[in-house]
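Some notes on the structure that comes next.
The values are calculated or read from the model by the stated rules, or taken from the named source; none is laboratory data. The model shown is predicted, which means the values in this text are computed figures rather than measured ones. Note that we place each Cβ from the backbone using ideal geometry, even for glycine, and neighbour counts take in every protein chain shown. To get the accessible areas, we keep the full protein, side chains included, count just its heavy atoms, and leave off ligands, DNA and RNA. Shrake-Rupley method; radii C 1.70, N 1.55, O 1.52, S 1.80 Å.
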Amino acid sequence: MSSSTGSGSPARGRWQRRLETRFEAWGRFVIRHRLAATVLSLVVTAGLLAQLPKLTVDNSPEAMLLDDDPAVLAYEAFREQFGREDRLIVLVETPDPFAPATLEAIARLHRAIEEEVPWVDEVDSLLDARVVTGSAEGLEVGELLDPWPQTPAERDRVRARARANPLYRDTLLCADGTCTALVIEPATWGGKAESDDPLAGFDESDQGEATEEAAGVGIGKTDAGAGQSGPPAFLSAAQGDALMRALRALLARHATPDRRFHVAGELALTYRINTGMAEDLAFFLPATLAAIAALLAFVFRRGAAVALPLMIVVLSLAATLGTMILLGIPGSTAVQILPVFLLTVGICDAVHILAIAYQRRQEGASREDAIAWAVGHTGLAVLMTSVTTAAGMASFLTAEMGAVRDLGLLAPMGIGLAWVYTMVTLPALLAWLPMPVRTRVSADPAQRGVDRFLVAAGRFAVRRPAVVLVPTALLALLAVAGALRVGFSHNPLRWFDDDDWARTDFELVDRRLGGSVSLDLVFEAPEAGGLYEPARLRAIERFVGEVREAARAPVRVGSALSLLDIVEETHEALNEGRPESRRIPDSREAVAQELLLFESSGSDDTSEFVDTDYRTTRVTLRVPFVDALAFPPFLRTIDALGAERLGGDLTVHATGIITLLSKVFEAVIASMARSYLAAFVLITPLMMLLLGSFRRGLVAMVPNALPILAVLGAMGAAGVTLDSTTMMIGAMVIGIAVDDTIHFMHKFHRYFDETADLEYAACETLRTTGSAMLFTTIALALGFLVMGGSNMKNIRIFGLFSALATVVAFASDLWVGPALLAVIERTRRRAGAGGGAVLPTRTPDGADRRGGAATR
């Protein structure tokens, strides 16, 4: 046996041929047992498909991160102590908030929200705005509109009183007093963790009436899940969506031409993302299937060649989604790309087998032989492409984001299922159908003109590699320059168009009320009762003032609500309402007594801001919803101020949706770097294993790096930033781009090892597999281009740039790969001393030729 010259080895060829023989034997086995294979596939799929009604969607900020992330744990601990911090703000645009008709409308809306909207704990508005007054009996906590103002003079007094109260400014009233707001506190708890029934654990006789959403979601007006037999669970994404659907429907009924409502808050944004996903999927799936069906019809011009691949990908997608539900993984914007991804990747596997099977059948083989030969001829390459694509997607398991890790788990599972259906169900179904030989069709199912183009491209690249590689290197340098300009971002509001309701509502609330989301500062004293100390309360007050001053655009601090407001408000009321008395008392005893008076008056407002031991308290800051890029420096400033100003007497940490969004932003950067590196580390050894050579494996990875460079360069040139969605393009493209590279390199080195002729090997590879590579690229590009029709910008960007990457990947395999091989590989000629067998080969045009002699 001849030894390797560095380009490959006979040993490598032998183990490949053994596997190909076994794949062919597998194809014949499936054909013989096609009934059992078909029935088994359908039964398993039906069982998994039955799980689809249980599908849930969760795009909340905490769902984006890992369950054990310190920011998530701190956030959940905060909610367990103080309840939800993410209020929903309903801004009321009206000429005069204190006009009689407006006050009555606000009162009606306030009561309707309490009675009709599910999962609402409390509503605050001008109707029940707190008023604290001193009296002969001590302290009275009343409401701003009690008694109801009947005359213009009474309304003027109410208006003056409201505008003079600092607690109402930027919370219930705009700073200029020309608009008002209702603040809704969603329920913290949604029911028992183990139950799928949103009503589980709630006793209607104790908790009040249970209502039913129009969409059929059971709900209850509840507090913390009393009476449950298991641990309570936080309000679920589905329950939050039920709340938002009911609220938006209610606001639409109450709106008038001179009274418009705008809603903002975490639940509002999550609801908008969830509904956007639902709208997209309703469009993506049929559009992708239609595009793929049209492509298959054009390529094969056979009904079976259209129906069978579509059936395979639909079955594999249904099985993957069923598995996802069994694993308890919710849908998310990261997982949103999974259906289109699996449809297109699954089609690629099926197209390679069908193309070879029909080609073999046209050459005169029997139906069974054609199917078995196609499985044997492409089985190893399809397996390796599935493994490498799965490895590329598995790189997301290294991400610091929970939703992205979910994709890293589900995508490889889906790819594996697609491969199983392709190797089991597709041959079985194909064996049931006739495969007539077409007398007017060439032996190749693809257009001859396409083949001539592909062969000519390969010949040009091999003969003139410098003409290909020099411009490629220059373009790569330009791409690197563009990639260096790519920035990072995370602002889900920017995913929607400028006129989208979520974006306009948030921006209006930010502008009129100083902020639409909250940032909570949690202070803790070293001992129980420590927050009665006036010095500590004043230290908190100074600290909040410094935090306000430290905010830099676009971050700013609007209102700040805390225990301090109750203390100062109570002290003022007990001192005849004199404005100069609105301050913290001088002694610990005075603070404790006045807070006791406030609590004895019937109000439970202190429970929102301090624990029962008066050791831990919160200060809720209202901040605008801006790019998460702006918040990490602000949060670091808070930490630095806490260490510098508070010393050991108080500790402080920030929590809330802003801290989660900030952590998501930082996770995007770390996750991108990890996933890109992991993709290369996982795929490169697989390429080396398949090609049987360290050098060949490295060379094969060069064309796979070019699509990533092209995408990052184009993003930099277009000013597109990387966020939690677009950061996934690179690692996913590595896994996809390597598919065509494997098909090309696998066949190229087989022909090259046999003939030692680079040009022949490149042209013959493109003649036999090039058309399948081309049409799978078109299928992938079409699938990603469908995403360009999304109503969310991040998905549109993802789809368009992913389509660009697939095209660049094909061009790299068509021109750059052969050109690199022409430069790097030495021409091997088989010359045997003392004679040897002469290998008969074919030119790309089909004529017989003789290669060098080979020893056996």
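Given the Cα-Cα distance of Val183 and Arg301 and 0.36 nm per residue of separation, how much length would full extension add, in nm? Before the final figure, lay out the partial values.
Working: separation 118, 0.36 × 118 = 42.48 nm, distance 6.10 nm.
Net length gain for the segment: 36.4 nm.
Give a residue-ordered list of calculated ³J(HN,Hα) values for the stretch 78-84 (Karplus: 6.51 cos²θ - 1.76 cosθ + 1.60, θ = phi - 60°; whole Hz; x for Gly, Pro).
Calculated HN-Hα couplings, in order: 4, 5, 5, 7, 10, x, 5 Hz.
Hey, what does the equivalent ellipsoid look like for the chain, semi-axes from the Cα gyration tensor as sqrt of 5 times each eigenvalue, largest first, whole Å? Could you put the intermediate results ahead of the total?
Details: eigenvalues 871, 153, 99 Å².
Whole-Å semi-axes of the equivalent ellipsoid: 66, 28, 22.
May I ask for the net charge around Val92, where only other residues with Cβ less than 9 Å from the Cβ of Val92 are counted and Lys, Arg are +1 while Asp, Glu are -1? Could the numbers behind the result be given before it?
Details: positive: Arg259, Arg260; negative: Glu93.
For residues surrounding Val92, the net value is +1.
If R0 is 22 Å, what FRET efficiency do you get for Arg32 and Val437 from their C-beta distance, rounded to 0.05? Display every interim value, and only then the final one.
Values: r = 23 Å, r/R0 = 1.03.
Efficiency computed from Cβ-Cβ geometry: 0.45.
Would you work out which of Met732, Ala592, Pro471 lies farthest towards the positive end of the dipole of the chain, given +1 charges on the beta-carbon of Lys and Arg and -1 on that of Asp and Glu, about the Cα centre?
Farthest towards the positive end: Pro471.
Does anything in the stretch 493-526 have its amide N under 14 Å from the 7 Å Cα→Cβ label point of Gln81, and if so which residues?
520-526
From the C-alpha coordinates alone, can you work out the Kirkwood hydrodynamic radius of the stretch 306-452, in Å?
On the way: mean 1/r = 0.0610 Å⁻¹.
Taking every pair of different Cα atoms in the stretch 306-452, averaging 1/r and inverting gives 16.4 Å.
At a probe radius of 1.4 Å, what is the per-residue accessible area of Trp373, in Å² to the nearest 10?
Here the accessible area works out near 80 Å².
³J(HN,Hα) across the stretch 143-152 via Karplus (A = 6.51, B = -1.76, C = 1.60, θ = phi - 60°), whole Hz, x for Gly/Pro?
With coefficients 6.51, -1.76 and 1.60, one gets 10, 4, 9, 10, x, 5, x, 9, 10, x Hz.
Mind checking which of Ala714, Ile778, Leu698 is farthest towards the positive end of the stretch 684-778's charge dipole, using Cβ charges of +1 (Lys, Arg) and -1 (Asp, Glu) about the Cα centre?
Leu698
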